[in-house]
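This report concerns only the one structure given below.
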């Protein structure tokens, strides 16, 4: 359901969502002649000076190799170069490996909430918000 949602929103047109503005970008990691990971970053619609890390995904058979960390560091470098004051992301509580990786590169959880949908309340689907403050 989540993948379908993403494919109908920003991943439907990556160029328009991530490559049409100097303050946003999209990265792809390739190995063995195929895409193994992606991540996007674009300005927050809620807070000026905040960069949103979006759609971090690494193929299961390529996890644990440091690809996600490298992509996170790339987004952080991008934030520094473009003068962002912070990098934020949302992740589900069930994504234990992702949460550990984000904390390992310096993100800190600052808020969590139950997804405000019927499914979210029934399943107690908790979303955590993480923050990174890049030093200029």
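The values are calculated or read from the model by the stated rules, or taken from the named source; none is laboratory data. Just so you know, these numbers come straight off a predicted model, no measurement behind them. Counting neighbours? That spans all protein chains shown, and the Cβs are built from the backbone with ideal geometry, glycine included.
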> How many of the residues making up the stretch 86-99 are exposed (fewer than 12 other Cβ atoms within 10 Å of the Cβ) and modelled with pLDDT of 75 or more?
Replying inline: 2
> In the list 23, 40, which residue meets the criterion of being over 13 Å from the mean Cα position of the chain (by Cα) and within 20 Å of residue 132 (Cβ to Cβ)?
Replying inline: 23
>> Looking at the stretch 100-110, can you tell me whether even one residue there is at pLDDT 75 or above, more than 15 Å from the chain's Cα centre (by Cα) and over 20 Å from residue 78 (Cβ atoms)?
In response: yes
> In the set 24, 44, which member is surrounded by 14 or more Cβ atoms within 10 Å (Cβ to Cβ) and either at positive phi or in contact (Cβ under 8 Å) with a residue 40 or more places away in the chain (or both)?
Replying inline: 44
> Does residue 51 qualify as being in contact with a helix residue (DSSP H, G or I) (Cβ under 8 Å, 6 or more places away or on another chain), within 14 Å of residue 132 (Cα to Cα), modelled with pLDDT of 95 or more and crowded, with 18+ Cβ neighbours inside 10 Å?
Replying inline: yes
>> Considering only residues that are surrounded by 14 or more Cβ atoms within 10 Å (Cβ to Cβ) and either assigned to a helix (DSSP H, G or I) or modelled with pLDDT of 75 or more (or both), which ones fall in the stretch 117-132?
In response: 120, 127, 128, 129, 130, 131, 132
> Applying the selection to the stretch 95-108, what residues are over 14 Å from residue 53 (Cα atoms) and either in a loop (DSSP other than H, G, I, E, B) or touching a strand residue (DSSP E or B) at 6+ places or on another chain (Cβ under 6 Å) (or both)?
Replying inline: 95
>> Regarding the stretch 64-83, can at least one residue be identified that is in a loop (DSSP other than H, G, I, E, B), touching a residue at least 12 places away in the same chain (Cβ under 8 Å) and either in contact with a strand residue (DSSP E or B) (Cβ under 6 Å, 6 or more places away or on another chain) or under 19 Å from residue 9 (Cβ atoms) (or both)?
In response: no
